[in-house]
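What follows is one structure encoded as C-alpha cells, with my remarks underneath.
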Amino acid sequence: MMSQHSRQELVASVSPRYRKASGKERERILEEFVESHGYHRKYAIQVLNHPRKPAEASSRKRHRAVQYSLAVQQALIARLSRGQWHV
C-alpha cells in the first residue's frame, strides 16, 4: 500500500504523459495506473486529468469562527446551572 505522498508523486509524474498521449497509449497508461493504485477507471481518469497540487492539500486549513460572545456564553451557563434547562 502506497502512502499519500507517494501517490501524489506518481500522479504528478503520470498525469502530463497521460494528457499528452492519444488513443491506445492513453488506454495503456490508464490500465497501468489503475493496476498500481487500485482505483476505478472513471476515478483514475478524473485524477489524471485534474491532478491536485501538493501545496493545495496542506495549505487549506479551516478554523471555526466563534458563534457566541462571552456574555451570551455566560448567560447560557448561568441558566444551565440554575436548572432552567436540561441537557
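Every number here is computed from the coordinates shown, using simple stated rules; none is lab data. These numbers were taken from a predicted model, which means no experiment stands behind them. Glycine gets a Cβ as well: all are built from the backbone with ideal geometry, and neighbour counts include every protein chain shown.
Computed values, structure above
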item	result
Contour minus Cα-Cα distance for K42 and A65 (0.36 nm per residue)	4.6 nm
Stretchable slack from I77 to S22, in nm (0.36 nm times residue separation minus alpha-carbon distance)	13.3 nm
Listed candidates [x] 15.3; [y] 14.7; [z] 17.0 - label of the one calculated as Kirkwood radius over Cα pairs in Å	[z]
DSSP loop chymotrypsin sites (Phe, Trp or Tyr not before Pro) with at most 13 other Cβ within 10 Å excluded, longest remaining stretch of the chain	1-67
Residues H50 and M2, FRET efficiency given R0 of 25 Å [Cβ-Cβ distance, rounded to 0.05]	0.80
222 nm mean residue ellipticity, helices alone, for the chain (DSSP H n ≥ 4; -39,500 (n - 2.57); rounded to 500)	-20500 deg cm²/dmol
